[in-house]
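Read-outs throughout are calculated quantities, based only on the coordinates presented, and are distinct from any laboratory measurement. Keep in mind the model is a prediction, meaning the values are calculated, not measured. When we count neighbours, we look across all protein chains shown, and the Cβ atoms used for this are built from the backbone with ideal geometry, even at glycine.
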Amino acid sequence: MDRFASLTTPHIADACLRLGLPLRIAPPGLRPVVAGHRMAGRALPVRHVGSVDVYLEALETASPGDVLVVDNGGRTDEACVGDLVAIEMREAGLAGIAIWGLHRDSTEIAAIGLPVFSYGATPPGPRRADPRPVDALVAASFGEFTVTAEDAVYADADGLIAVQLDRLDEVFGVAESIRDTETAQAERIGAGRSLREQVRFAEFLAARERDASLTFREHLRNVGGEIEV
């Protein structure tokens, strides 16, 4: 979380693309219950089948700073996390909760203060007790990708992204480089030097006249600019 504090999920997404890694992002629409909340940590995956016991069991092997990643199949007919789960996770030292589905008890969760990300709220909890899969505490799907304890997850106002733990240093190094370049570009724009001037846009237009296959991304790599990956 310390290293993520000065980064955003777009920085990490751009770094993954730059490195040729799979882009493992939550489906659009994931939002924090409390605006401005962010979270980062090792994934603690669970597959929800109608009962909170899977969350309590996950805590038996959790470490402080983990993020509970809840796979509820993206369901919109029930909430699968409420205030009691949120406060239990907070007291266990978890960094937050990400839900592929909905939450409830929004007012109470906001007061608890633990970052909770979901696709919205609905009053009813589960009214089912489905068979529990054998990997209920091993893997959690989140849209089109799956996370395990071998992943870290990062979430902010733009969404959530997962990165393999063994690639974190590499991803963060590139993400920090992208951040630094973009910050410098923004500061120069504020000082009166336009982005077009900084990325030598006139040169790009002239070069494209000579070679119609030249892309702006290629030009940016040549001049050391950052806008597109």
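Of note:
- Identity of the residue in region 108-126, under 23 Å from the mean Cα position of the chain (by Cα) and assigned to a helix (DSSP H, G or I), that ends up surrounded by the most Cβ atoms within 10 Å (Cβ to Cβ): Ile109
- Subset of region 56-71 that is more than 17 Å from the chain's Cα centre (by Cα) and closer than 18 Å to Ala139 by Cα - its residue that is surrounded by the most Cβ atoms within 10 Å (Cβ to Cβ): Ala58
- Search result, residues across region 1-55 that are free of Cβ contacts under 8 Å to residues at least 40 places away in the same chain and either crowded, with 19+ Cβ neighbours inside 10 Å or among the small types (Gly, Ala, Ser) (or both): Ala5, Gly20, Tyr55
- Residue match in region 59-69 (condition: part of a strand (DSSP E or B) and β-branched (Val, Ile, Thr)): yes
- In summary, Ala129 fulfils each of the numbered conditions (1) over 21 Å from Ile12 (Cα atoms); (2) hydrophobic (A, V, I, L, M, F, W, C); (3) surrounded by 12 or more Cβ atoms within 10 Å (Cβ to Cβ); (4) touching a residue at least 40 places away in the same chain (Cβ under 8 Å) with the single exception of condition (3).
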